[in-house]
Amino acid sequence: MFPGTHIYFYSLLFPIDHESCIGAVFPDTNLFTGLRWAETHKNILPFYKSLSPEERKNHRSFLLGFLSHGVDSAGLDLYGDDDYRNKGIGYSYIKGEGLIKEVVKACRIPPAMGLWKSHNIIEMGIESLVAKNNPWIEVLVNSTVEDEASIKKCAGLVASYYKVEPSAYEAAIITFLKFINTTGDIPLLGERYKEVLRIRHNIEDAKAEEIAQVIEKATHIVEKEYMDFLLECKENLLLKWKEWEVI
């Protein structure tokens with residue numbers, strides 16, 4: 001899912017603060033650190049287990065946010081990206097299957113990438129709905145960007161494990177928080193996704209307006225059910241965390 005959705009999802013679990021806001025979006029800062037997606041999404045439990053009880057206590061808000069995002073930690077991306085209801089494919093992929101042709105055209109990508117990027121379009125549809133219904137997310141993100149102490153604290157915890165300099169992680173967190181679209185504005189989501197395609201895939205000719213049109217279509221696909229999906233994920237996560245004694 002996209003950042004605002006992860007922040008909102010965490011708020012369904014626990015009260016949210018700056019550190020948990022950073023944690024909820026942290027895995028996606030790999031966009032600006034050079035780490036691979038799997039390193040920050042499917043390698044969270046080993047990181048968590050490597051921490052001392054004191055470290056877990058002192059960084060609890062950040063860690064719960066981080067865990068709520070990932071795949072191996074039964075976070076939102078397990079169900080959105082990886083395996084929804086034991087179907088071997090995530091919710092966003094299932095919902096994106098009908099958009100493949102339009103996404104390939106708008107993003108100027110090979111057909112083989114169509115389903116992968118269609119799932120992102122579904123995620124942006126959910127992102128737009130979440131942001132527009134929860135304007136507090138924008139306020140929280142803007143105040144978190146200014147919280148240098150929390151950013152430094154969170155970056156310091158993860159830097160050695162992921163072998164990234166703490167200052168580089170601080171910069172990545174700030175850059176990412178400033179980069180994300182917390183307004184739900186669909187044309188802006190299209191522009192930002194065009195930039196993501198350029199950064200990650202060197203695609204220079206994606207059409208932001210066309211991407212925005214497909215995102216608008218995605219909102220109509222998910223608008224009546226995305227909350228049920230998020231609440232289902234919440235219940236699944238809490239069951240797993242109790243079993244693992246995370247909470």
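The set of residues in the range 169-199 that are more than 18 Å from Ala24 (Cβ to Cβ), aliphatic (A, V, I, L, M) and surrounded by 14 or more Cβ atoms within 10 Å (Cβ to Cβ) comprises Ala171, Ile186, Leu188, Leu189, Val196, Leu197. Being touching a residue at least 40 places away in the same chain (Cβ under 8 Å) and either farther than 21 Å from Glu97 by Cα or surrounded by 15 or more Cβ atoms within 10 Å (Cβ to Cβ) (or both) is a property that holds for Ser150. Filtered by the rule that a residue be surrounded by 13 or more Cβ atoms within 10 Å (Cβ to Cβ), closer than 22 Å to Ala168 by Cα and small (Gly, Ala, Ser), the range 35-71 gives Ser61, Gly65, Gly70.
Of the residues making up the range 66-77, not a single one is polar (S, T, N, Q), within 18 Å of the chain's Cα centre (by Cα) and farther than 21 Å from Phe229 by Cα.
Identify all residues within the range 104-118 that are in contact with a Gly (Cβ under 6 Å, 6 or more places away or on another chain) and surrounded by 24 or more Cβ atoms within 10 Å (Cβ to Cβ); write none if there are none.
In the first step, residues of the range 104-118 are kept if they are in contact with a Gly (Cβ under 6 Å, 6 or more places away or on another chain); the result is 104, 118.
Selection gives Ser118 alone.
Please specify each residue of the range 142-195 satisfying the condition of being farther than 22 Å from Arg36 by Cα, of a type outside the set (D, E, K, R) and assigned to a helix (DSSP H, G or I). Asn142, Ser143, Thr144, Val145, Ala149, Ser150, Ile186, Pro187, Leu188, Leu189, Gly190 - these are the residues of the range 142-195 that are farther than 22 Å from Arg36 by Cα, of a type outside the set (D, E, K, R) and assigned to a helix (DSSP H, G or I). Among the residues of the range 62-102, those that are more than 14 Å from Trp37 (Cβ to Cβ) and β-branched (Val, Ile, Thr) comprise Ile89, Ile94, Ile100. Given the criteria of a type in the set (Ser, Thr, Tyr), part of a helix (DSSP H, G or I) and more than 19 Å from Met227 (Cβ to Cβ), does Thr5 qualify? No: the conditions fail for Thr5. Among the residues of the range 99-141, those that are farther than 20 Å from Ala206 by Cβ, part of a helix (DSSP H, G or I) and out of contact with any His (no Cβ under 9 Å at 6 or more places or on another chain) comprise Ile126, Leu129, Val130, Ala131, Lys132, Asn133, Trp136, Ile137, Glu138, Val139, Val141. Just a yes or no: is a residue in the range 40-59 of a type in the set (S, T, N, Q), in a helix (DSSP H, G or I) and within 21 Å of Leu157 (Cβ to Cβ)? Checked the range 40-59: at least one residue is of a type in the set (S, T, N, Q), in a helix (DSSP H, G or I) and within 21 Å of Leu157 (Cβ to Cβ). Buried (at least 18 other Cβ atoms within 10 Å of the Cβ) and more than 27 Å from Leu45 (Cβ to Cβ), is that true of Tyr226? It is false that Tyr226 is buried (at least 18 other Cβ atoms within 10 Å of the Cβ) and more than 27 Å from Leu45 (Cβ to Cβ). Keeping to the range 215-236, report how many residues are over 14 Å from Val130 (Cβ atoms) and among the hydrophobic types (A, V, I, L, M, F, W, C). Counting residues in the range 215-236 that are over 14 Å from Val130 (Cβ atoms) and among the hydrophobic types (A, V, I, L, M, F, W, C) gives 1. Quick check on the range 203-217. Is at least one of its residues assigned to a helix (DSSP H, G or I), within 20 Å of Pro27 (Cβ to Cβ), under 19 Å from the mean Cα position of the chain (by Cα) and among the hydrophobic types (A, V, I, L, M, F, W, C)? So far as the range 203-217 goes, no, none of its residues is assigned to a helix (DSSP H, G or I), within 20 Å of Pro27 (Cβ to Cβ), under 19 Å from the mean Cα position of the chain (by Cα) and among the hydrophobic types (A, V, I, L, M, F, W, C). In this structure, does Lys224 turn out to be among the basic types (Lys, Arg), farther than 18 Å from His6 by Cβ and more than 20 Å from the chain's Cα centre (by Cα)? Criteria met by Lys224.
Since every read-out is calculated from the coordinates, none of them should be taken as a lab result. Everything numeric here is computed off the predicted structure, so don't read it as measured data. Note that each Cβ is placed from the backbone with ideal geometry, even for glycine, and that neighbours are counted across all protein chains shown.
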